[in-house]
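Input: a single structure, listed below in structure tokens.
Just so it is clear, none of the values below were taken in a lab; they were calculated from the coordinates. These numbers come from a predicted model, not from an experiment. For neighbour counting, all protein chains shown are included, and Cβ atoms are generated from backbone atoms with ideal geometry for every residue, glycine included.
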């Protein structure tokens with residue numbers, strides 16, 4: 001997959017669905033659970049290597065996530081798609097502009113980048129930095145690219161009828177909010193150390209894999225370890241974890257794993 005893969009520290013900033021867990025005004029067993037692994041902010045990860053530090057998606061919980069799991073710098077953000085639970089923390093990027101005195105590159109597909117520029121038009125531009133705003137440099141993803149020494153390969157996925165992106169970074173792949181993986185994308189996920197895959201709930205959903213569907217896909221992909229994310233309040237961490245194959249786990253907020 002390109003240059004020699006470096007060690008990666010992967011931090012799960014959030015592992016919940018669009019409403020988070022607990023959800024507002026719900027008193028189910030998971031929403032009232034005392035297990036901290038059932039407390040889920042919206043799904044996002046950070047990846048740190050010897051040469052770069054970046055995130056995938058900026059959720060509405062970004063400030064809280066980075067207070068819990070700090071990044072000393074932010075070299076880039078990759079976006080999977082432009083749904084609210086994946087983009088509405090974008091204003092909090094401005095702190096890194098203030099610290100680094102530079103624009104932050106954000107990488108996205110043409111459609112996602114167009115949506116970001118429409119909603120957050122004030123964040124994209126040239127010239128002097130505005131300290132009160134996020135200052136971003138939008139870069140359209142047209143194929144594989146490097147972040148310093150890290151090769152990033154976009155993976156075509158479907159979220160219902162919408163085409164979105166997953167990402168392969170070295171031997172790690174991040175694929176959230178997915179309901180179908182097209183055949184041409186499976187070769188991009190061969191020989192993975194870590195697969196991060198969305199698994200919404202027990203029952204079928206039109207735009208997300210259910211837990212059983214995610215397990216089936218994880219078996220097909222065959223990563224050494226799979227971590228499920230984007231779980232709703234219909235998934236209790238411990239009781240469902242006990243039923244998973246040995247190579248699969250439900251991720252939880254704050255979990256840190258290493259991969260190449």
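In table form, for the structure just shown:
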read-out: For the stretch 36-100, radius of gyration divided by Kirkwood radius, i.e. Rg to Rh on alpha-carbons; value: 0.95
read-out: Pairwise centroid distance, computed over Cα atoms, of the stretch 10-35 with the stretch 170-223, Å; value: 21
read-out: Candidates 65, 100, 225: whichever shows maximal mean-square fluctuation once the chain is modelled as a Gaussian network with Cα springs under 10 Å; value: 100
read-out: Principal axis box of the stretch 49-152, alpha-carbon based, largest edge first, Å; value: 31, 31, 29
read-out: Shape category assigned to the stretch 113-260 from the gyration tensor of Cα positions, a/c cut at 1.5; value: prolate
read-out: GNM top mover of 148, 39, 234 - the chain, alpha-carbon springs below 10 Å; value: 148
read-out: Compactness relative to 2.2 N^0.38 Å, alpha carbon Rg of the stretch 1-48; value: 1.62
read-out: Efficiency of FRET from Cβ geometry, residue 161 and residue 25, R₀ 35 Å, rounded to 0.05; value: 0.70
read-out: Bridge type composition, the stretch 1-158 - antiparallel percent by DSSP, nearest 5; value: 50
read-out: Virtual spin-label span in nm between residue 119 and residue 241, 7 Å along Cα→Cβ; value: 3.1
read-out: P(r), alpha carbons of the chain - 5 Å bins starting at zero, rounded %; value: 1, 6, 14, 18, 20, 18, 12, 7, 3, 1, 0
read-out: Share of pairwise Cα separations in the stretch 100-177, more than 14 Å, in percent; value: 67
read-out: Footprinting exposure proxy for 186, 227, 252 (fewest neighbouring C-beta atoms within 10 Å first); value: 186, 252, 227
read-out: Residue of 41, 147, 67 that the Gaussian network model of the chain assigns the largest fluctuation, springs spanning Cα pairs under 10 Å; value: 67
read-out: Which of 42, 68, 201 has the fewest Cβ neighbours within 10 Å, and the rest in rising order; value: 68, 201, 42
read-out: Cβ-based exposure ranking for 175, 31, in which fewest neighbours within 10 Å come first; value: 31, 175
